[in-house]
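Encoded as structure tokens, the structure appears first; notes follow it.
The values are calculated or read from the model by the stated rules, or taken from the named source; none is laboratory data. The structure presented is a predicted model; accordingly, all values stated were derived computationally and were not measured. No Cβ is skipped: glycine too gets one built from the backbone with ideal geometry, and neighbour counts run over all protein chains shown. SASA here: full protein model, heavy atoms, side chains in, ligands and nucleic acids out. Shrake-Rupley method; radii C 1.70, N 1.55, O 1.52, S 1.80 Å.
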Amino acid sequence: MSGAGGKIGVTAPMLELRDVARAFPVRDALGRSKGAVRAVDGVSLSVPRGSVLAIVGESGCGKSTLGRLALRLIEPDSGSILFEGEDLRSLSAAALRARRRDMQLIFQDPFASLDPRMTVEQAVAEPLRLHGIVPRAKERDRVAELLSRVGLRPELARRWPHEFSGGQRQRIAIARALASGPKLIVGDEPVSALDVSVQAQVINLLQDLIRELGLTFVLISHDLGVVRHIADRVAVMYLGRIVEEGPAAEVFGNPKHPYTRALLAAVPGQGRGAAALLEGDVPSPINPPSGCRFRTRCPHAEAICAEQVPPLADHGHRAACHLQHQLPPAIARHERDAGGERLKRLQAFFSDQRTGE
Ligand SMILES: Nc1ncnc2c1ncn2[C@@H]1O[C@H](COP(=O)(O)OP(=O)(O)O)[C@@H](O)[C@H]1O
Ligand SMILES: [Mg+2]
């Protein structure tokens, strides 16, 4: 890659993954080894400070595993993960624990992620205490501050999780994630369990927080509609690999990989054809197709696609497809214009939802 920005060596990305892989052993009912699921299989990514990277793809393609690897909640089998240019493996246990305050995870299910036996105040204060963020005497004030930051009245601090709606619970989970003052947050499908109208509110909240606090955010989602609104860059995953990656406007406006095109076409209102294209299940990650893993579902596949793994090469932005130069244009111009119209309507819808729950 070119160093045209001139910043290389001066400002390290917040997060960098280099050829990261992680497999999980698979056993049959008798406990005999049946091989391994290559959940993440050679992923390289860079997330600049203060940016939002979206990771999209169908269920089972390795998004959550990648998110957990990025936060060092699980260890890679190979490859390296750098946080602010530093390989966390080089840190002592104590130094790693201290580093944990800089990295937080928001889960999909706010019902499962909040302990039903803790009040809101206890839940939000826990990371404050764990990382010694504020003295005990200041705890209550800090919790109140965090709650109002996520759009909840501080009086609610004494209540229990079951007293809240899904959207409110997710706000509490966000307040808890913010408590330690993180630099990087991974949101693993953070709005997927919520009603559509509430999704928009929570996404808007996240977007405001990212801007105000200068957060770096990795947003994992199978829903391209959610991602379009907030991502600076998008990485598309298929069976443990990244098949396309680049600036969001590029990936959405001029998708290169047939899989990305199929995903985009499957977004409601984005035209026909995708349903047929993505028929059939994702192949097993235990024994993935040779060459290009998407070839068994790709309408364009040729012999070379079975023979060689396509490199993630720069075609304006990065895409891993042998047939890049002979594919038809991604979207005919009139369709793209219509897509722009749809996008405007979607954004208008999102901004209408900004006024409270
Ligand atoms: N702890 C685990 N043990 C065994 N297999 C796992 C484990 N975690 C994930 N997998 C497998 O790895 C693949 C990727 O899973 P995941 O990262 O959860 O995908 P996604 O979040 O995109 O749905 C799936 O085939 C899943 O079954
Ligand atoms: Mg997942």
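For the stretch 15-44, taking the residues that are away from ligand 1 (no atom under 15 Å from the Cβ) and touching a residue at least 40 places away in the same chain (Cβ under 8 Å), the one that is surrounded by the fewest Cβ atoms within 10 Å (Cβ to Cβ) is identified as ASP19.
Counting residues in the stretch 113-120 that are in a helix (DSSP H, G or I), within 16 Å of ligand 1 (Cβ to nearest atom), without any contact (Cβ under 8 Å) to a residue 40 or more places away in the chain and open to solvent by 10 Å² or more (accessible area, probe 1.4 Å) gives zero. Of all residues in the stretch 53-63, those satisfying the criterion of being out of contact with any Pro (no Cβ under 9 Å at 6 or more places or on another chain) and crowded, with 21+ Cβ neighbours inside 10 Å are LEU53, ALA54, ILE55, VAL56, GLY57, LYS63.
Given the structure, is PRO268 under 21 Å from the mean Cα position of the chain (by Cα) and modelled with pLDDT under 95? Here the answer is yes, as PRO268 does meet what is asked.
For the stretch 208-237, filtering for residues that are at pLDDT 90 or above, touching a strand residue (DSSP E or B) at 6+ places or on another chain (Cβ under 8 Å) and not β-branched (Val, Ile, Thr) leaves 9. The residues of the stretch 231-240 that are more than 16 Å from ligand 2 (Cβ to nearest atom) and either open to solvent by less than 10 Å² (accessible area, probe 1.4 Å) or within 15 Å of PRO258 (Cβ to Cβ) (or both) amount to a single one, VAL234.
Filter the stretch 154-171 down to the residues that are assigned to a helix (DSSP H, G or I) and of a type in the set (S, T, N, Q), then identify the one that is surrounded by the most Cβ atoms within 10 Å (Cβ to Cβ).
Among residues in the stretch 154-171 that are assigned to a helix (DSSP H, G or I) and of a type in the set (S, T, N, Q), the one surrounded by the most Cβ atoms within 10 Å (Cβ to Cβ) is GLN170.
Contact annotation: residue pairs with Cβ atoms under 9 Å, 6 or more positions apart or on different chains, pairing a residue in the stretch 254-266 that is over 18 Å from HIS322 (Cβ atoms) with a partner that is of a type in the set (Val, Ile, Thr) and modelled with pLDDT under 90, are ASN254/ILE331; LEU264/ILE331; ALA265/ILE331. Checking each residue in the stretch 121-138 for being touching a residue at least 24 places away in the same chain (Cβ under 8 Å) and open to solvent by less than 60 Å² (accessible area, probe 1.4 Å) picks out GLU121, ALA123, VAL124, ALA125, PRO127, LEU128, HIS131, ILE133. Right, VAL37: outside any loop (DSSP other than H, G, I, E, B) and either in contact with a Phe, Trp or Tyr (Cβ under 6 Å, 6 or more places away or on another chain) or of a type in the set (Phe, Trp, Tyr) (or both) or not? Judged against the criteria, VAL37 is a match. Restricted to the stretch 45-78, and to residues there that are farther than 17 Å from SER221 by Cα and part of a strand (DSSP E or B), the residue that is nearest to ligand 1 (Cβ to nearest atom) is SER78.
The residues of the stretch 51-81 that are more than 16 Å from ligand 2 (Cβ to nearest atom) and among the hydroxyl-bearing types (Ser, Thr, Tyr), listed by number, are SER51, SER78, SER80. Determine, yes or no, whether VAL309 is assigned to a loop (DSSP other than H, G, I, E, B), at pLDDT 90 or above, open to solvent by 30 Å² or more (accessible area, probe 1.4 Å) and in contact with a Lys or Arg (Cβ under 9 Å, 6 or more places away or on another chain). Yes; evaluated as a whole, the condition is true for this residue.
If you go through the stretch 67-106 and keep only what is of a type in the set (A, V, I, L, M) and either in contact with a Leu (Cβ under 8 Å, 6 or more places away or on another chain) or not assigned by TED's automatic domain parsing to the domain that holds LEU209 (or both), you end up with LEU69, ALA70, LEU71, LEU73, ILE81, LEU82, LEU88, LEU96, MET103, LEU105.
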